[in-house]
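Report on the following structure.
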Amino acid sequence: MHVGMVPLPLNEWNKWKFYMKTAQYLALGIPTVATPLGSNPEVIQHGVTGFLADSEDEWVEYLKMLIEDSELRRRMSRAAAESAYPYTLAGNTEKIIGAFKAALA
């Protein structure tokens, strides 16, 4: 998989959600095009780790860029994987160990 997509309908529910799918794509080094709702604008660095597409024209433009430009995909892939580290198991090891220790205490 070379490009992740997270298209979302505009509604009240989607404005407040955390999109694990976006974090998973980024953790796998998959540049993502997503609707700028919920956590997507916080997780995706527009133009660095993926794109936030607000219209049909933007979806087409950004997907076309990623499909046609392999160097852009590679650059965004590296940046995506690095930016997602805080969302990974490795990035949360100390917190997880601390939670287990607290539960045992």
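The values are calculated or read from the model by the stated rules, or taken from the named source; none is laboratory data. A quick note: this is a predicted structure, and the numbers were derived from the prediction, not measured. Cβ coordinates were reconstructed from backbone atoms using ideal geometry, including for glycine residues, and neighbour counts include every protein chain displayed.
All told, Trp59 falls short of being among the aromatic types (Phe, Trp, Tyr), surrounded by fewer than 20 Cβ atoms within 10 Å (Cβ to Cβ) and either modelled with pLDDT under 95 or under 11 Å from the mean Cα position of the chain (by Cα) (or both).
Residues in segment 75-83 include at least one that is among the basic types (Lys, Arg), under 21 Å from Ala27 (Cβ atoms) and at pLDDT 95 or above. In segment 13-34, the qualifying residues are those that are assigned to a helix (DSSP H, G or I) and modelled with pLDDT of 90 or more, and the one that is surrounded by the most Cβ atoms within 10 Å (Cβ to Cβ) is Leu26. Exactly one residue among Leu37, Leu10 is part of a loop (DSSP other than H, G, I, E, B), hydrophobic (A, V, I, L, M, F, W, C) and touching a Lys or Arg at 6+ places or on another chain (Cβ under 7 Å), and that residue is Leu37. Checking each residue in segment 1-52 for being among the hydroxyl-bearing types (Ser, Thr, Tyr) and in contact with a Phe, Trp or Tyr (Cβ under 7 Å, 6 or more places away or on another chain) picks out Thr32, Ser39.
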